[in-house]
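The next block holds one structure in the form of structure tokens; read it before the comments.
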Amino acid sequence: MHSPSRTSALFLLILILLNVATASSSSNPLSTNDNGGIINRELSAVGDNTRKCGDVIGTLNATDINSMGASLMRQLLKKNRSKEMKELEAKMATAFKYSIQTRKICATCEMFRHHEHGKRESDSYGDYCGSDSYGGLDAVFSGLLLLPVTDNGEVVQGSLKGAIWNRPTNIDNSHAPSEVWPATVPGDKKKKKSLSRQSRIELSRYELFGAMASAAAGFASLVPDGFGYGESHTLVYKSTYVKKPYQTSTIPLWMQARHLIGEETECLTSIENEVVVSGYDEGGYGAVAVAAALSKMGARILKNQPGGGAYQPSSAGVVQTLGNVMHKNYPTSRYHALALLGLSYSSINPNLANTDEGQNMLNHKYLLASNDKKNVIRWFSKDDNAYSKIKINSLVPAHASDMFNPIFIDFIKDALENNISNPCRRHSKTRYLEKLCEALLQNDLTNTIEHATYPIQFCHSQNDTVSSIANIPAFGNNKHLSMYDKLTMNDMHSMTESKCLWAAMSTFISEFQSEEILPGNQEICLESVITLEELVSSKWIDMSVFMIFVIVGVFIFLKPFITKEKLQHYETLDQSDSEEIEMGRDY
């Protein structure tokens, strides 16, 4: 017989492995609720009143949207252009014809990893959502999805194009788009407005206003909360002007939006892989980075509309910005953005070349764990206790450049004095900064812009002291690049935001105004939509294959011991038989 201890050990090992498999499957981030198969991940709350993933927030009617659009237009155009305003109002009424529904959606890189790897020989999805990405496969990213709906509140049927809006810098956790979009609040009935004044103020933000307009024009519109915001704010540090975080926190949401609507409507509505990508301030940088990633993954970029961004962090992005800081031309109200820039290149992101190389952008005196007032990591902590932008502005030293690595500041000063526009590429004095320069060069978008194969229209003030216009590379012979030309010399960074919003909205008023929502190819949509059951079963298949290999391996490992026990058993039997025969003979 087998040794009881050996058999028990084998049985116990198999039980442990089965328990691991069960635990893995039960921690699957996918689950369904009763709302039409919407993917709903039960997550720990960001705050007391946090909306859950999959929550439908409310609807907004086309009349209110047109009213707000007309208000913005009147603010931007001079009164003596009344005829033009009337024409634009008529165009808006034609373009923004749908009411909209808003909902919070969430996604992880893990959710679509198997599907995307199977679809493409070159796993471009893994470039932005791989296991080595900061945050890994299981970090949950959230955002706001806006959909055009009919008068009875149903999502418009047909093939929808997409729009993605990237937000300007706003570091406060409470300002995530999926949290601040107001639920429909009754307004002044006498004025026949269904939104309160406070709700209208909230909706005047660049990314929310833009998404509202594009959704009313018939586009499925997505506003990512951002990397380190919304559901991910306790999982990863916020960062700015680093490409991958924008891509990693947007791509799974875009795929989730397409999957979600196809599954929920049984493909009566589908979101095509065609998209307009817009953004302002750091959202302008994010818009270029996200459009490039989606294009590489096979999406058709209808138009890229970045505004006010620092697209060249290795040159004008830091040289001109820190130059303005040193010359007191940088607004103190944005010191929190400076602090976040320094932190982003100070070893919080494991994927950057300078991480843990002793070449941080921040001065080591502002990374002191023992002093909260001089610990920028504490200011942006991964919890609900992160400081507000007002508090951070107060903690930045009077000479904000003192917050940065003194070697790096000397490097920038030397570049300014010697008129070196791109010091990390051409400067000989990069000693002790090679890795920091490498990280900045890795996240420079110059090459992406110069070789773009889809239309990019920039919107940037000539006198921007926050993000110099020198951040826009020369267009050369690239016919896809253009500049919005209706800004004045006096427009500063904050003033330009509303004008760039109008420029981006105008795309949906003019360029796409005449396009109707066409019926989608339901058969193709159904083939491409992965059901939740398929996603879960694919993970079970992977686990089953793993279990088979493990059990076979265990058997092969234990076989010599089991065989040895059997041989010893048979030898014992043979010896007993021989003794019995001998005893019989004696008898």
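The values are calculated or read from the model by the stated rules, or taken from the named source; none is laboratory data. Quick caveat: nothing in here was measured; it's all calculated off a predicted structure. All Cβ positions, glycine included, derive from the backbone under ideal geometry; neighbour counts span all protein chains shown. Surface accessibility is based on the protein's heavy atoms, side chains included, excluding ligands, DNA and RNA. Shrake-Rupley method; radii C 1.70, N 1.55, O 1.52, S 1.80 Å.
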Residues (open to solvent by less than 20 Å² (accessible area, probe 1.4 Å), closer than 22 Å to N324 by Cβ and within 28 Å of the chain's Cα centre (by Cα)) located in region 477-494: H493
Some residue of region 459-476 being surrounded by fewer than 18 Cβ atoms within 10 Å (Cβ to Cβ), farther than 28 Å from S498 by Cβ and modelled with pLDDT under 95: yes
Of all residues making up region 178-230, the number that are assigned to a helix (DSSP H, G or I) and either at pLDDT 80 or above or open to solvent by 50 Å² or more (accessible area, probe 1.4 Å) (or both): 23
Which listed residue, of G323, G298, G286, G279, is within 30 Å of C525 (Cα to Cα) and surrounded by fewer than 22 Cβ atoms within 10 Å (Cβ to Cβ): G298
Residue within region 273-285 that is assigned to a helix (DSSP H, G or I) and farther than 19 Å from A176 by Cα present: no
Residue satisfying condition, being out of contact with any helix residue (DSSP H, G or I) (no Cβ under 7 Å at 6 or more places or on another chain), modelled with pLDDT of 95 or more and not hydroxyl-bearing (S, T, Y), within set H399, H336: H399
Among (1) assigned to a helix (DSSP H, G or I); (2) of a type in the set (K, R); (3) buried (at least 24 other Cβ atoms within 10 Å of the Cβ), the one test that K91 misses: (3)
Hits in region 233-272 - residues which are open to solvent by 10 Å² or more (accessible area, probe 1.4 Å), part of a helix (DSSP H, G or I) and farther than 20 Å from A215 by Cα: K243, K244, Y246, Q247
From the options N329, N304, N324, residue that is of a type outside the set (D, E) and in a helix (DSSP H, G or I): N324
Residue in region 77-90 that is at pLDDT 75 or above and touching a Ser or Thr at 6+ places or on another chain (Cβ under 7 Å) present: no
Pairs where the first residue, in region 468-485, is under 17 Å from Q312 (Cα atoms) and the second is among the charged types (D, E, K, R), C-beta under 9 Å, 6+ apart: N471/D464; P473/E450; A474/E450; F475/E450; G476/E450; L481/E450
Residues that are of a type in the set (G, A, S), surrounded by 15 or more Cβ atoms within 10 Å (Cβ to Cβ) and either without any contact (Cβ under 8 Å) to a residue 40 or more places away in the chain or closer than 20 Å to P306 by Cα (or both), drawn from region 403-458: A452
Residue ID - surrounded by the most Cβ atoms within 10 Å (Cβ to Cβ), chosen from residues in region 366-398 that are touching a residue at least 24 places away in the same chain (Cβ under 8 Å) and not hydrophobic (A, V, I, L, M, F, W, C): Y366
